[in-house]
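Report on the following structure.
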Amino acid sequence: MNDILKIADKEFSSRLFTGTGKFSSNQLMSQALIASESELITVALKRVDVDNEQDRMLQSIMRPNVNLLPNTSGVRNAKEAVFAAQLAREALETNWIKLEIHPDPKYLLPDPIETLKAAEELVKLGFVVMPYIHADPVLCKRLEDVGTQCVMPLGAPIGTNKGIKTVDFLEIIIEQSNVPVIVDAGIGSPSHAAYAMELGADAVLVNTAIAVSQNPIEMAKAFKMAVEAGRMAFNAKLATIKKHAEASSPLTSFLN
Amino acid sequence: MNNTFQNLFDTYNWDETLASINSKTTQDVEYALSKNKRDLEDFKALVSPAAAPYLEQMAQLSMATTKKRFGNTIQMYVPMYLSNECQNICTYCGFSMTNKIPRRTLTDAEILKEVAFLKKKGYDHILLVTGEANKTVGVPYIKHAMELIKDQFSNITIEVQPLDQNEYEELIEANLYAVLVYQETYHRDEYKKHHPKGKKSNFDYRLDTADRLGKAGVHKIGIGALFGLEDWRADSFFTALHLKYLQKTYWKTKYSISFPRLRPHSGGLEPKVEMTDKDLVQTICAFRLLDEDVELSMSTRESETFRNNIVHLGITSLSAESKTNPGGYVVEPQSLEQFEISDERPTEEIAEMLSSQGLEPVWKDWEAFQ
């Protein structure tokens, strides 16, 4: 079955997006990213030495079929985010930007107000904007209205590996969204990723759970398989979970 | 009302605090270890004598917690001393005003020479250090030095005399990232003994420096105590109290904790209360168990063996090959250092040590988006 994910003008056959932080070496990161078969890899612009074409981290990521997704990690407001995005476009030659605005450096929770402001401006400037946000259905619609090409609600606070804690809100977001929904943070194990995909998420983004695993390469493979399994299950339509027992003799048959 | 840390600090009494720490029991320690989110009472238990038998367990937990948040990486930075001129008397410091040493403040050309050396080593995060000499090394000098080097370093931190809020604002405008300011000791009377002269003798002005920084909107504030001046358990607690206060008050700011300690028989001031290697590990782990996200920093004051091992136990940033004298890298390598460096290994060797232990040294992790 042809199950391609389209975001803006790009098509993805892998629905597992990955990140580049926290790995114990660039070499291991490179191998894990290859094993994940991910086609969209996010990198913090602040980690890139933009003046150095030989930047080792970038070299460890780039291969055919891989799209670089710079992110604005480190900015605290819309103004800084717009500046960072422009810097990223110039330095990395892509108009894709993962918009992350977390003024709180402790839990790295996204600022919804600044994110909406920045998204609106960046769309006008011609960016493909992928905003990292709370699992807030109204905010997702507002972002869609200003032209973001997807939304990236969190499953749990970033880096916590706690899984899909925002399930009730994600279900609403998925139900209502006209743009792809990518579950971004908190996914700690392949079963969490599969679960998000079963709910109908269009993709997931995983970093910590792969990077900090004892064996990042095997873990990357496990995530790849889990995302595929979850997507396949979603497409195959899960059997419904029955909330009530169904009496074998209908209670209303006397009405007939 | 102008609320600052001092208001909170003044509600605490040193002796009572220390007694409370020392009265913590095995049960308190086990309770603290069993929790997911720990508070300051748990922190007291973890720095108490009762926690000593639990050091291995603390280290295991600390490593796992650090890894979750920071992954397998260590942020690298290097200090550059700009001046050893100083109008303070600090009993433990090589730059103390009454010490008869040649005084030097680096010129532009000298700064650039030192910078060229550090850039070759790969550094992108730099810590600028001065003594306190407001006429020659005041805000204009610091700002000028920052402007001189800002194209070469993504991330500039300073460790200089405490400044006023508007002065910090001026420096933040010029891309200042972080400020380190250690209270040395939170024991008011002992502080006076060690800082008899100069602006630094004002305990309260120093105590509220972090508040001025928070109000000015700096990205990161580094705090800490010079362990050995007083009881390290109590000083750790007050540092933790300070941290928690700051995090709640200035929630957009990041924090780091440093762990300088006086060593016995190293030629400098003898510690009043010795902090052993075990004590230091206990303290580092206690901070990590109190706060999963705070940066914990380790300088070259500590020995090779200690540093080789501590990088897994909670530390997230590391300096290497440091010189603590102005011009120490190239301009005047033979001049007197502020304090004795214990781990003198070259940067490349430290990077290699980290890699061989499965840790990626990170050189650049900041970009000024302003």
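Can you return the lysines within cross-link range of B:LYS120? Criterion is Cα-Cα under 30 Å, with same-chain partners fewer than 8 residues away left out.
A:LYS22, A:LYS46, B:LYS67, B:LYS143, B:LYS150, B:LYS220, B:LYS254, B:LYS323, B:LYS364
What accessible surface, in Å², does a 1.4 Å probe find on B:CYS90, ignoring ligands, DNA and RNA and rounding to the nearest 10?
10
Can you list the cysteines of chain B that have no other Cys Cβ under 4.7 Å away?
Cys with no partner Cβ under 4.7 Å: B:CYS86, B:CYS285.
Can you give the three extents of the C-alpha atoms in chain B along their principal axes, from longest to shortest, in whole Å?
60, 48, 45
Give the Cα extents of the range B:1-108 along the principal axes, in whole Å, largest first.
For the range B:1-108, the Cα extents along the three principal axes come out at 55, 40, 36 Å.
Report, to the nearest 10°, how far helix B:108-120 tilts away from the longest principal axis of the Cα atoms in chain B, using its own Cα long axis and a range of 0 to 90°.
Result, in degrees: 60.
How big is the range A:168-229 by Rg and Dmax over its Cα atoms, in Å?
Rg then Dmax for the range A:168-229, in Å: 11.9, 38.
Whole-Hz ³J(HN,Hα) for each residue in the range B:205-212, computed from phi via Karplus 6.51 cos²θ - 1.76 cosθ + 1.60 with θ = phi - 60°, x for glycine and proline: what do you get?
So the Karplus estimates, Gly and Pro as x, are 5, 5, 4, 8, 4, 4, 5, 5 Hz.
Rounded to the nearest angstrom and ordered from largest down, what semi-axes does the equivalent ellipsoid of chain A get from its C-alpha gyration tensor (root of 5λ)?
That gives 34, 22, 16 Å for the three semi-axes.
Would you tell me the mean number of C-beta atoms belonging to other protein chains that fall within 10 Å of each C-beta in B:356-366, as a whole number? Mind dumping the intermediate values first?
Numbers: counts 0, 1, 4, 2, 11, 1, 4, 3, 9, 6, 4.
Neighbouring Cβ atoms belonging to other protein chains average 4 per residue here.
Go through the range B:203-295 and name the GluC sites (Glu not before Pro) that are in a DSSP coil and have 14 or fewer other Cβ atoms within 10 Å of their Cβ. Don't skip to the end; give the middle numbers.
Values: sites: B:GLU230, B:GLU274, B:GLU292, B:GLU295; in loops: B:GLU230, B:GLU274, B:GLU292.
Here the sparse-neighbourhood loop sites are B:GLU274.
Dividing the convex hull volume of the Cα atoms of the range A:55-201 by its residue count, what figure in Å³ per residue is obtained?
Details: hull volume 17.6 nm³, N = 147.
In the range A:55-201, the Cα convex hull volume per residue is 120 Å³.
Among rounded, prolate and oblate, which fits the range B:197-336 when a ≥ b ≥ c are the square roots of the eigenvalues of its C-alpha gyration tensor, a/c under 1.5 means rounded, and a/b larger than b/c means prolate?
Details: a/c = 1.40, a/b = 1.23, b/c = 1.14.
Rounded, because the longest to shortest axis ratio a/c is under 1.5.
Can you quote the Å³ per residue value for the convex hull of the Cα atoms in the protein assembly as shown, rounded to an integer?
Values: hull volume 119.9 nm³, N = 626.
Measuring per residue, one finds 192 Å³ for the Cα hull of the protein assembly as shown.
If you average over every viewing direction, what projected area does the convex hull of the Cα atoms of the range B:16-173 give, in nm²? Walk me through the numbers on the way to the answer.
Details: hull surface 54.7 nm².
Computed as one quarter of the Cα hull surface, the answer is 13.7 nm².
If I model a spin label at B:GLN57 and A:SER253 as a point 7 Å from the Cα along the Cα→Cβ vector, what separation in nanometres do I get?
Result for the modelled spin labels: 6.2 nm.
Sort A:ILE34, A:ILE172, A:ILE164 by accessible area with a 1.4 Å probe, largest first. Present the calculation step by step, with values, prior to reporting the outcome.
On the way: A:ILE34 85, A:ILE172 65, A:ILE164 20 Å².
These residues rank, largest area first, as A:ILE34, A:ILE172, A:ILE164.
How about the range B:28-86: which trypsin sites (Lys or Arg not before Pro) there lie in a loop by DSSP and see at most 14 other Cβ atoms within 10 Å?
Working: sites: B:LYS35, B:LYS37, B:ARG38, B:LYS44, B:LYS67, B:LYS68, B:ARG69; in loops: B:LYS35, B:LYS37, B:ARG38.
Of the trypsin sites (Lys or Arg not before Pro), the ones in loops of the range B:28-86 whose Cβ has at most 14 other Cβ atoms within 10 Å are B:LYS35, B:LYS37.
With everything on Cα atoms, drop me the angle between helix B:277-290 and the longest principal axis of chain B, reported from 0 to 90° to the nearest 10.
80
Which loop-located chymotrypsin sites (Phe, Trp or Tyr not before Pro) does the range A:25-119 contain, where loop means any DSSP state but H, G, I, E or B and the Cβ has at most 15 other Cβ atoms within 10 Å? Before the final figure, lay out the partial values.
Values: sites: A:PHE83, A:TRP96, A:TYR107; in loops: A:TYR107.
Passing both the DSSP loop test and the Cβ count: A:TYR107.
With Cβ to Cβ distances under 14 Å as the rule, what net charge do the other residues near B:ASP39 carry (K, R +1; D, E -1)? Please list the in-between numbers first.
Numbers: positive: B:LYS24, B:LYS35, B:LYS37, B:ARG38, B:LYS44, B:LYS244, B:LYS248; negative: B:ASP28, B:GLU41, B:ASP42, B:ASP291, B:GLU292.
Combined, the nearby Lys, Arg, Asp and Glu give +2.
The values are calculated or read from the model by the stated rules, or taken from the named source; none is laboratory data. The shown structure was predicted, so the numbers you read here are calculated from the model rather than taken from an experiment. Because the Cβ atoms are built from the backbone with ideal geometry, glycine has one as well, and the counts that use them run over all protein chains shown. These accessible areas exclude ligands, DNA and RNA; they are computed on the full protein's heavy atoms, side chains included. Shrake-Rupley method; radii C 1.70, N 1.55, O 1.52, S 1.80 Å.
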